[in-house]
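Right, one structure below, let's go through it.
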Amino acid sequence: MTQLYLASGSPRRKELLAQTGVIFERIAAPIDETPQPKENPRDYVIRMAVEKAESGWRHLLDMGLALKPVLASDTSVVLGDDILGKPLDATDATAMLQKLSGTTHEVLTSLALRTEDGVETMLNISRVTFASLSEAQIAAYVASGEPMDKAGAYGIQGVGGLFVAHLDGSYTGVMGLPLYETAQLIARQGLGFMAA
């Protein structure tokens with residue numbers, strides 16, 4: 001029996017949430033992900049998760065489904081004040097990877113859990129240091145197709161993990177669903193292994 005809904009189409013988030021022991025289903029939660037003018041990256045990533053959770057909750061209401069908690073997450077790669085979202089195309093992916101090469105950036109992953117009591121949020125912040133990448137390395141990685149659906153144009157759990165010289169934070173947070181924070185959030189609803 002479904003205990004929770006995951007408002008995400010991400011296969012990585014599905015795989016990670018399964019590790020918590022909660023029984024869940026995925027639902028669609030389409031939103032406009034355009035940052036607002038001069039929006040702080042932390043405010044942006046939290047707003048995105050909240051809007052996804054609220055969109056998922058509206059879906060439950062519209063479909064007449066049982067009102068179970070709706071979990072949503074959003075991940076942004078931030079370099080300075082720039083939010084690096086999913087690349088638009090290969091040129092955009094190349095430009096992002098050139099910016100990240102040899103630098104340390106932040107990966108912000110927010111969680112929002114919508115219940116009948118409202119929305120609770122958490123924010124995980126990791127610092128990732130990239131090795132210096134050659135043009136050939138960037139071109140080969142972009143040609144692999146892996147960067148195309150990932151914030152900051154890389155996936156730490158894939159080939160992109162080869163570029164990570166140092167990680168200070170949560171590996172699963174960089175993947176898109178910080179397991180520790182997720183387990184804490186759902187345990188407060190009596191769900192998952194951490195609630196035992």
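For the pair residue 43 and residue 188 in one chain, pulling the backbone fully straight at 0.36 nm per residue adds 49.8 nm over the alpha carbon distance.
What is the range 1-78's relative contact order, in percent, from Cα pairs under 8 angstrom and six or more apart in sequence? Kindly include the intermediate steps, with their values, before the conclusion.
On the way: 97 pairs, mean separation 30.9, N = 78.
40 percent.
Taking 8 Å as the Cα distance limit and 6 or more residues as the minimum spacing, I'd like the relative contact order of the range 94-186 as a percentage.
On the way: 136 pairs, mean separation 29.9, N = 93.
Across the range 94-186, relative contact order equals 32 percent.
You can think of it this way: the chain between residue 98 and residue 26 has 22.5 nm of extra reach, that is 0.36 nm per residue less the Cα-Cα gap.
Which order do 86, 14, 52 fall in if you start with the one that has the fewest other Cβ atoms within 10 Å?
On the way: 86 17, 14 14, 52 26.
Neighbour counts put them in this order, fewest first: 14, 86, 52.
Can you tell me the FRET efficiency between residue 168 and residue 116 if r is taken as the Cβ-Cβ distance and R0 is 45 Å, rounded to the nearest 0.05?
Values: r = 37 Å, r/R0 = 0.82.
The value I calculate is 0.75.
Of interest is the spacing of the C-alpha centroids, which for the range 70-102 and the range 112-143 amounts to 8 Å.
Put a dot 7 Å past the Cα of residue 65, heading toward its Cβ, do the same for residue 89, and the two dots end up 3.6 nm apart. Relative contact order of the chain, taken over Cα pairs closer than 8 Å and 6 or more residues apart, is 23 percent.
Given the -39500 (n - 2.57) contribution per DSSP H run of 4+ residues, what per-residue ellipticity at 222 nm results for the chain, rounded to the nearest 500 deg cm²/dmol?
Values: 6 runs with 66 residues, N = 196.
So the helix-based figure for the chain works out to -10000 deg cm²/dmol.
Connecting C-alpha atoms closer than 10 Å in a GNM of the chain, tell me which of 176, 56, 160 has the biggest fluctuation. Most flexible of the set in this elastic network: 160.
Can you order the peptides 93-101, 149-157, 21-29, 107-115 by their average number of other Cβ atoms within 10 Å per residue, highest first? Please list the in-between numbers first.
On the way: 93-101: 19.9, 149-157: 22.8, 21-29: 16.7, 107-115: 24.8.
Sorting 93-101, 149-157, 21-29, 107-115 by mean packing, highest first, produces 107-115, 149-157, 93-101, 21-29.
Lys-Lys pairs in the range 4-195 that are eight or more residues apart or on separate chains and whose Cα atoms lie under 16 Å of each other come to 6.
Extension gain for residue 34-residue 15 works out to 4.2 nm (0.36 nm per residue, less the C-alpha to C-alpha distance).
FYI, it's all coordinate maths here, none of it is from the lab. Everything quoted here is computed from the prediction, not taken from an experiment. A quick note on method: Cβ atoms are made from the backbone with ideal geometry, for glycine too, and the neighbour counts reach across all protein chains shown.
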